[in-house]
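Below is the structure I would like to discuss, written out as structure tokens.
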Amino acid sequence: MTSSNARRTALTRLGRSDTGFVNPSVVRGSTVTFETLGEFEEALGCDLQQGPYTYGLLDTPTTRALSESIAALDGANGAVLLESGLAAVGVVLLSHMTQGDHLLMVDSCYGPSRILCNGMLKRFGVETEYYDPRIGQDGRPGIETLFRKNTKMVFMESPGSVTFEMQDVPAIAAACQERDITTAIDNTWATPLGFRPIEHGVDMVVHALTKYVSGHSDVMLGAVTARTREIWDRVKMTAVDLGHGVSPDDAWLGLRGLRTLAIRLDAQEQAGLQLARWLQKRPEVKRVLHPALPEDPGHEIFKRDFDRGTGLFGVVLHPVERQALARMLEGMTYFQMGYSWGGFESLLIPQHPLSERSATPWIEDGTLLRVSAGLEAVDHLIEDLAQGLDRLAG
């Protein structure tokens, strides 16, 4: 599945029912019964990826339909479904990190990933070192300068979902492959339609399916796709050992979201670009953070590796008082304040990366806002932003 057109069409074909109905059924259940003792005994050692169903926690026809679809879109050996993107990050880390290991985590990572590293992993004896997301670019030393004898994994996120730095994923993956270091990446921003890290040598890919894939702000869902069967087995068994199990109702919602992913991304990508370019012209705006813009420091990598963008980006305002910011945000009509992104509704929230960075301090002296473009008419969104920026001045 190499072309973008092939992936768009695949969204309508993957995970389909073989009963004549175009959508699979929601198969709810815990217990699977067997006709013979031989079938029962054989099921104990079955192939968890493609074998017979044995217990609802491990797999159902509905969850398998979604996991196989996500794996196919990523060009992966297989996918493991989890209850959220954060659960997917946790299973990736716990499947490969043990006491005494050294983890290299990108400094622009999703905030809860940092909490997981600084909390649970630290208690388990894993040392996390945060690194510059633009490592190896513009004369910076490469990722290999940070490797130690006990470095087990490098975790990436490109672009970061708050400050939007692009990473040179192929270069990092190649350096890790030379030293047998496992790689993982959070690819929620791009989705498989925009970027496929496995094609660039990455071992595991995290998706918060809650966001663009589901697309309707009504489900919590995550996935990990694996480059090889060996990696899939480790991820799957870690999920099983921890008792992870996705609701078939949620998996069905994820499949429903897949069907319209391409056309929603078309609209949200274009809306995001229109909003970003409009914001660049406003005097209140210091800088727009969007890798699809030619002015962005990560644009060349974006243009080289990515097929498309999405509707999430950042904007740095010139310094403003909190009271003025409140006037702006609290008076919005279409943009609402709320966590997450990738749904049908537009969101606008302040971000504070200075408190979350350690390897590469955030040095912007302005106010950072994160914009998630929804499916409203772009003219309405621009009008909403214009009125909001006018309120900044009182």
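Only the coordinates and a few stated rules stand behind these numbers; no lab work does. Everything quoted here is computed from the prediction, not taken from an experiment. Neighbour counts run over all protein chains shown; Cβ positions are idealised from the backbone, glycine included.
Pull out a ≥ b ≥ c, the square roots of the eigenvalues of the alpha-carbon gyration tensor of segment 261-392, then state rounded if a/c is under 1.5, prolate if not and a/b is larger than b/c, and oblate in the remaining case.
oblate
Now for a different question. Listing 189, 232 from the residue with the fewest other Cβ atoms within 10 Å to the one with the most, what is the order?
232, 189
Given the -39500 (n - 2.57) contribution per DSSP H run of 4+ residues, what per-residue ellipticity at 222 nm results for the chain, rounded to the nearest 500 deg cm²/dmol?
Helix contribution divided over all residues of the chain: -10500 deg cm²/dmol.
Would you order 181, 135, 263 from fewest to most other beta-carbon atoms within 10 Å of each residue's own beta-carbon?
By the 10 Å Cβ count, ascending: 263, 181, 135.
Taking amide H positions as placed 1.01 Å from N in the peptide plane, with prolines and chain starts having none, which residues 5 or more places from residue 186, or on another chain, fall under 5 Å of its amide H?
For residue 186, the qualifying residues are 156, 157, 158, 206.
Also, I was wondering about something else. Might you report the magnitude of the Cβ-based charge dipole of the chain about its Cα centre, with Lys and Arg at +1 and Asp and Glu at -1, to the nearest 20 debye?
Computed about the Cα centre, the dipole is about 480 debye.
Between residue 32 and residue 324, what length in nm is gained on full extension when 0.36 nm per residue of separation is reduced by their alpha carbon distance?
Result: 99.2 nm gained on full extension.
Please give the length that would be gained between residue 44 and residue 13 if that part of the chain were fully extended, namely 0.36 nm times their separation in residues minus their C-alpha to C-alpha distance (nm, one decimal).
So the extension gain works out to 8.0 nm.
Let me ask something additional. Between residue 354 and residue 337, what is 0.36 nm times their sequence separation minus the Cα-Cα distance? Round to one decimal in nm.
4.1 nm
While we're here: Can you list residues from other chains, or at least 5 along the same chain, whose modelled amide H is less than 5 Å from the amide H of residue 78?
226
May I pose another question? Counting only residues 5 or more places away or on other chains, whose amide H sits under 5 Å from the amide H of residue 289 once H atoms are built in the peptide plane?
314, 315, 316
State the three equivalent ellipsoid semi-axes of segment 85-188, derived from the C-alpha gyration tensor as the square roots of 5 times its eigenvalues, in descending order and whole Å.
Equivalent-ellipsoid dimensions as semi-axes: 20, 17, 11 Å.
A follow-up question, please. With θ set to phi - 60° and the Karplus curve 6.51 cos²θ - 1.76 cosθ + 1.60, what are the ³J(HN,Hα) couplings of segment 117-132 in order, to the nearest whole Hz, using x for Gly and Pro?
Coupling constants for segment 117-132: 5, 6, x, 4, 4, 5, 5, 7, x, 9, 8, 9, 10, 8, 10, 4 Hz.
Sorted from fewest to most neighbouring beta carbons within 10 Å, what does the list 131, 55 look like?
Sorted ascending by nearby Cβ count, the order is 55, 131.
Which whole-Hz couplings ³J(HN,Hα) result when phi for each residue of segment 15-22 is put into the Karplus expression 6.51 cos²θ - 1.76 cosθ + 1.60, θ = phi - 60°, listed in order with x for Gly and Pro?
Those phi angles translate into x, 7, 7, 9, 9, x, 6, 6 Hz.
Given R₀ = 41 Å, FRET efficiency for residue 387-residue 307 by Cβ-Cβ distance, to 0.05?
The pair residue 387/residue 307 has a calculated efficiency of 0.75.
If you don't mind, another one. When the Cα centres of segment 91-137 and segment 1-67 are compared, how far apart do they sit, in Å?
33 Å
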